[in-house]
1. Once you charge only the Cβ atoms, +1 for Lys and Arg and -1 for Asp and Glu, what is the size of the charge dipole of the chain about its Cα centre, to the nearest 20 debye?
2. What net charge is computed for the residues neighbouring A33, neighbours being all others with C-beta under 15 Å from the C-beta of A33, Lys and Arg scored +1, Asp and Glu -1?
3. I need the P(r) histogram for segment 158-264: all alpha carbon pairs, bin width 10 Å from 0 out to the longest distance, whole percents.
4. With charges set only on the Cβ (+1 for Lys and Arg, -1 for Asp and Glu), what does the dipole of segment 121-226 come to about its Cα centre, in debye to the nearest 20?
5. Search the structure for amide H atoms under 5 Å from the amide H of I250, placed 1.01 Å from N in the peptide plane, and list their residues when 5 or more places away or on another chain.
6. Give the Rg/Rh ratio for segment 7-181, taking Rg as the radius of gyration of the Cα atoms and Rh as the Kirkwood radius, to two decimals.
7. Output the antiparallel fraction of DSSP beta bridges having both residues in the chain, as a percent to the nearest 5.
8. Can you give the net charge of the other residues whose Cβ lies under 13 Å from the Cβ of I9, counting K and R as +1 and D and E as -1?
Amino acid sequence: MELAGKKIILGLSGGIACYKAAELARLLGKAGASVQVAMTDAATHFMTTVTMQALTGKPVFTDQWDGRIANNMAHIDLSREADAILIAPCSADFMFKLAHGACDDLLSTLCLARPAGLPLLVAPAMNVEMWQNPATQRNAARLKEDGIRIMGPGAGEQACGETGLGRMLEPEQLLEEVIASFQPKVLSGKRILLTAGPTFEPIDPVRGITNLSSGKMGFAIARAAREAGAQVTLVTGPTGLQTPYGVTRIDVQTAQQMQDAVLKQVSGQDVFIAVAAVADWRVVGASEQKLKKDAAGTPPQLQLAPNPDILAAVAALPQRPYCVGFAAESENLAQYGEEKRRRKNVPLLVGNIGHQTFGRDDNELTLFEDSGQTTLPRADKQALARQLVVAIARRI
Ligand code: C5P
C-alpha cells in the first residue's frame, strides 16, 4: 500500500483521456490513497460523475456553488485536506488556466487556493498540434517555473486519428509518478547505473545456462533511484518485468553483453549497483544449430569458460563510480558477505540469502562496509529498495 494514508484530489478536465482517469482512480485507491474527484463541466461530457463516484466511494464535486460543503467553500476545504492534487487529464485550456491563475470553476479555484507547497501534478492530454503550439509550450514552461510537475505527455496514436505527442500517460505510469512525488529527492541530479536479473548463456539456439533470479530487486532499486531524482540506466538480463517509468533500459542476454553495455555506459555515472545474478560460466563454442540426441543418447560434452566479473571490472576503473555489489549466499552470510566485499574491492556490499530472495516479493538485506554490518529487516522489495537508496545517498 504505497499510498496508504494519502489523500489525493483527482481533477479531470475535458478530454477523451477522461476514460483513463477511471482506471487511474481505481489504481490510486488500490495503492491505499483516499481519492476525491473534482471535474470540470467539460470533463462531465466525457465521463460521468457516477462512474467516478462508484470507483472512489465518494461524491464527486463539479460545482463551485455545491451546497454539500457547509460553509460553501469547497475550493478551500478540499485543498486543505489533500496531500497532492493530480489533474488527469489536463486539457490545453486547463493548462492555460493554471498558468494564468484563472479561477472561474471549482477545479481551477481549488488549484489556485492550494496551500503553498502542496504538490500539483498535471498529465497533459491533447491533440499533437495543440500540444506543440507555442502558446501551450509557453504555458507548460510557466507551470514548471511555478513548481508544477508536468507528467508526459506520451507519443503515439491519438483519438483524433493523428499521431504524435499529446497522449496522456498510462494510468500505471501516472500512479508511479504520484508515488514518486512523495519520495525524498535524495539522489537529485545523480546518475545511477545498475545491472539486474539473470544472464542467459546459450548452449544452442534453444537451450542455455541461467539461474532463478527474477530481476525484482534490481528493478525495485532502479525505480527507487528514479523516484529519488536520479537519472537511471538499467542493464538487464532476461526478465518478464515491466520497465519502471522514467528508467532507461538496456536488454542483454549474456554476461559478456552485460559487461559491454555497462562499460559503454559507465563514464559519468555517480553510482554503479551490480544487482544482476551473472552466470559464472559460459559455454565455449555454443552450437549454432539445435544439438540433436544421437541414437545411443550420449550427452554432449560442454566446455565452460569463466565469464568476466563486471563489478570487479568497474571497481578497477581509474575513475570509478561509487560501487555497490550484491551477494546471494545460501549460508554464513555474515562471513562470506564481508569477504566478498573485500575481494571485489567495493565500499558497500549488500548481502541476501539466495533461496529467500529469488523470485520473491520480499527480502532481507545486510549491508557490509568498512564500519561494520547493518541489517535492513525483511520487508517488501520496493520498501527495501527505497531504504537502500537512502543509505547509498548518505554515503556518496
Ligand atoms: O562473485 P559473485 O557472483 O558472488 O558476486 C556477486 C556480485 O558481483 C554481484 O554484485 C554481481 O552482480 C556481481 N557480479 C558481476 N559479474 C560477474 C559475477 C558477479 O558483476 N561475472
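FYI, it's all coordinate maths here, none of it is from the lab. If you're wondering where the values come from, they're calculated on a predicted model, not measured in any experiment. Every residue, glycine as well, gets a Cβ built from its backbone with ideal geometry; the counts of neighbours run over all protein chains shown.
1. 700 debye
2. Computed value for this residue: -2.
3. Here the calculated profile for segment 158-264 is 14, 36, 29, 17, 4.
4. Numbers: 12 positive and 11 negative charges, 111 e Å.
The dipole magnitude comes to about 540 debye.
5. Here L234, V235, T236 satisfy the definition.
6. With Rg and the Kirkwood Rh in hand, the quotient comes to 0.94.
7. 30 percent
8. Around I9, the surrounding residues sum to +2.
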